[in-house]
Amino acid sequence: MMTSGELQHPCWALLSCLGCIVLTAACGALANLLPCVSVPGLGAVCGPGGLPAVLQVALVTLLFAMGWLVAYAVGHGRWQPRLQTLHDVEALLPVTAMFGGFGAVLGIGSLLLGHAPPGVAAVALLPALVAVWMFLYRPPPAAPPPGARP
């Protein structure tokens with residue numbers, strides 16, 4: 001099993017994706033349970049149209065990128081058994097591909113049918129993005145042992 005801790009390793013994107021999904025679900029539940037509070041500056045969020053579609057997708061992209069960096073910063077250098085499992089790209093690829101396909105169908109279908117805001121559709125498409133990243137990722141070649149001839 002090839003393990004790597006570099007920033008472009010898909011395990012950090014997978015952790016960020018899971019965090020985005022959990023955060024979106026929690027915010028959605030809170031938005032439906034709590035009344036809209038008129039906080040200065042948040043009027044656009046509480047309005048009937050919400051945030052513009054481009055801004056929703058930009059916020060999801062920013063959240064995903066920040067989550068990727070935070071996952072890397074917190075997890076880099078830690079080789080706990082759970083993190084080692086996430087580093088095995090070949091073992092995770094079938095499961096990630098399945099959830100990525102489901103996310104792609106859900107995200108594109110909700111956009112085409114108009115049943116979900118663009119931000120929610122963007123979050124639904126994150127597993128597909130991670131699945132494609134895992135499929136395309138190739139680990140760097142292993143460094144030769146010290147003293148070996150090239």
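The values are calculated or read from the model by the stated rules, or taken from the named source; none is laboratory data. Quantities reported herein were computed from a predicted structural model and do not represent experimental measurements. Cβ: placed from backbone, ideal geometry, glycine included. Neighbour counts: every protein chain shown.
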| said: For the range 88-96, check the following and say yes or no: at least one residue is outside any loop (DSSP other than H, G, I, E, B), surrounded by fewer than 15 Cβ atoms within 10 Å (Cβ to Cβ) and modelled with pLDDT under 85. | reply: yes
| Among (1) over 16 Å from Pro10 (Cα atoms); (2) of a type in the set (A, V, I, L, M); (3) in contact with a helix residue (DSSP H, G or I) (Cβ under 7 Å, 6 or more places away or on another chain); (4) at pLDDT below 90, which single condition is Ala122 missing? | (4)
